[in-house]
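Okay, so here's the structure we're looking at.
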Amino acid sequence: MTDAFRTRTNVPRGEFAFEYQPTTDQPFENALAKARDGERLTVDDAVALLTTGTDGDGVVPERVERVRRAADQRRRAVVGDEVTFVANLNNNVTTACDTGCLFCNFRDSAHTFESTHEGRTRGFTRPPTESRDIVARAVDRGISEVTSVSGLHPAFALNEEHREILDPENPAHGYRPPEVFDVAPGSYVEQLHAMSVDDVHVHSMTPEEAQHARRGTEWSYAELYRTLSRAGLDSVPGTAAEVLVDEVREVICPGKIGTDEWLTAIEAAADVGLPITATMMYGHVENERHRAMHLGRIRDLQDRTGAVTEFVPLSFVHENTPLARRGLVNGGASDLEDDLVIAVSRLFLDNVEHVQSSWVKFGDEKGLRMLDGGADDFMGTILSEEITTRAGGGHGEFRSFAEYVDLITGIDRVPVERSTDYERRRRLDPADPDPGPRLGPRADGTPLLEAPRSNTVAADD
Ligand SMILES: C[S@@+](CC[C@H](N)C(=O)[O-])C[C@H]1O[C@@H](n2cnc3c(N)ncnc32)[C@H](O)[C@@H]1O
Ligand SMILES: Nc1c(NC[C@H](O)[C@H](O)[C@H](O)CO)[nH]c(=O)[nH]c1=O
Ligand SMILES: N[C@@H](Cc1ccc(O)cc1)C(=O)O
Ligand code: SF4
C-alpha cells in the first residue's frame, strides 16, 4: 500500500513486538466482511480492523469510515436509535494515593495530607459526613446514581475489623492510621453507607480499590464484595483496567494489580450479583494488538458472567500526566484512532449491549460523532469532574438534561434517561419544558439546571 492514502496516528508501533500484524489488505477486508455478516471476530480480526490493514505507521481514513458504517449498522440492530444517559453525580472521596500510575494526575502523594506536612495539600479528602451531605443534595436535585472512585488513601480500611489487622509497621500493608492525617476518609463501609441516600444507586469500588480494601488479609474478593454490597454498594466500575496486557501495565501502572487479578476481582463482584462495567484506557504506549487483546479479555469475561452493562473506551488525556512530563508520550489517540476504538468495540463485543461515548474525554462534537459510529450511551450529568480535568481535559463537569435533549435530538436520535443498570428507561419528550430527571429516588421532574462549581459543600448552605 502507498503512504499517500494513510493518515498518521499516535500509535507507537515500534515499542513492543507485534505478534501478528497484517501485511496485505486482505485480512482487513475479510474481517470487515465477517463483521458485517454478524460473525464473531477473532483478536487477529480486531487487529486488522484497528490498523485498517496497514503494517507501517498510520491508518487509511476511507477504511476507518467503512468500519464506522458497519458499527453504526450493528448499533442500530442491537439497540435501535435511542441514546441513553444517566442522572448521576461523581463524588470521589479522596485524591491521596501512592500507587503512582504514570497516566494519572488525579492523585496526590499521601504525605502531603499528613498533619505534620508543611503547607496545604492540593488534594482533598471528604469524610463520610461530607459525602453524605453532597450526595443528599444531589439526590434532592434528582440524580439516580452516585459514582465514587478514589485514591488509595493509606488510612482507608474496609471496616473496623480490617483496621485491627492492618499494621502501620508492616510496609506491605501501606497503612497509616487516621490520626496522622488532617482529614480521615473513614472506612469503605462507612463511605458506602453514607452515600446510600434513599434508593440512590451507588457505583463504586473498582478492582484496584477492592484490592486496597482487603490488603494484608486472606479475604477473597467475593467475601469482600459481599460485605461492600451489604454496606450499600450497588454496582462496580470496571476502571483500573487500563489495558489488560501486563507488558503495557508494567510501563504505565507498575504499582497496580495485574491483568489476572483484575479479572478475578471483577468476576467475583459479578458472582455475588453486582452489575459491572468494563473500560479500556487507550492512547498512550500501547499498540493495536494490545487494544485487540484487551477487547478479547472483556468479551471472555462477559461470556463467563453476563454482568457487563456497558463498555467505556476512555481516551487518554495526556497533558499534565507523568507519562507526558517524562517524555514517554507526546499526545493521546488521534481522532481516527478514537473512531476505530469505538467502532471495533461495538463490532467485537457482540455480547455487550452498550458502548459509551464519553463527552468528558471527547468533548461534545467528537462525543456526538461516536454515537454515529458504534456508541449508543452518552454517559451522565456527573455534576463534578476531577480525573480528566486534572489531567488537562477541558470539556466541562456537567451536562444538563436540557443540553442532553438538544444534543441528542440534534443528531436525529431519541434521548432516554436510564438507570445505571439500563433496566429503567424513560424517553424524553423534546417538547417537555421540564425534561427531568425523573428516575432518581427524589426526582420530581424539576430540571437539573445548574451545577455547583464543585461538589464541595458551599459555606452558606
Ligand atoms: C483515577 S482512577 C480512581 C480509582 C482508583 N484509584 C483506581 O485506580 O481504580 C480511575 C480511572 O480513571 C482513569 N484515568 C485516570 N487518569 C486518566 C487520564 N489521564 N486519561 C484518561 N483516563 C484516566 C483510569 O482508567 C483509572 O483507572
Ligand atoms: N466515561 C466517563 C464516565 N462514565 C461513567 C458514567 O458517568 C456512569 O457512571 C456509568 O455509565 C454507569 O451508569 N464517568 C466519568 O466521570 N468520566 C468519564 O469519562
Ligand atoms: N473513572 C473514569 C470514568 C468511569 C467511571 C465509572 C465507570 O463505570 C466507567 C468510567 C474516569 O473519569 O476516567
Ligand atoms: S489511577 Fe487510581 S491507583 Fe493509580 S495513581 Fe491514580 S488514583 Fe492511584
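Read-outs throughout are calculated quantities, based only on the coordinates presented, and are distinct from any laboratory measurement. As the structure is a prediction and not an experimental result, all values here were calculated from the model. In this analysis, Cβ positions are derived from the backbone assuming ideal geometry, glycine residues included, and neighbour counts consider all displayed protein chains.
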Charges on Cβ only, +1 for Lys and Arg, -1 for Asp and Glu, centred on the Cα centroid of the chain; of T259, P12, A241, which one is farthest towards the dipole's positive end?
P12
Treating the beta-carbon of each Lys and Arg as +1 and of each Asp and Glu as -1, no other charges, what is the dipole magnitude of the stretch 289-342 about its Cα centre, to the nearest 20 debye?
360 debye
Descending semi-axes in whole angstrom, ellipsoid equivalent of the stretch 151-294, from the Cα gyration tensor
26, 20, 13
May I ask you to order 196-202, 10-16, 238-244, 167-173 by the average number of other C-beta atoms within 10 Å around their residues, highest value first?
238-244, 196-202, 10-16, 167-173
With +1 on the Cβ of every Lys and Arg and -1 on the Cβ of every Asp and Glu, the dipole magnitude of the chain about its Cα centre, in debye rounded to the nearest 20, is 480 debye
Rg(Cα) of the chain divided by 2.2 N^0.38 Å?
0.96
Hey, got the Cα dimensions of the stretch 1-113 along the principal axes, in Å, largest first?
56, 40, 26
Per-peptide average of other Cβ atoms within 10 Å, ordering 103-112, 400-409, 246-255, 286-295 highest first
286-295, 103-112, 400-409, 246-255
Order these by the 10 Å Cβ neighbour count, fewest first: M379, M205.
M379, M205
Evaluated over the stretch 215-285, the Cα radius of gyration and Dmax, each in Å:
13.1, 39
Taking every alpha carbon pair in the stretch 54-161, what does the distance histogram look like in 5 angstrom bins from 0, in percent?
2, 9, 12, 12, 11, 10, 10, 10, 10, 8, 4, 1
In cubic angstrom per residue, the convex hull of the stretch 98-220 built on its Cα atoms measures 129 Å³
Residue farthest toward the positive end of the dipole of the stretch 79-427, with Cβ of Lys/Arg at +1 and Asp/Glu at -1: which of G174, G367, P415?
G367
Helix-only mean residue ellipticity at 222 nm, the chain, DSSP H runs n ≥ 4 weighted -39,500 (n - 2.57), per residue, nearest 500. What is it?
-10500 deg cm²/dmol
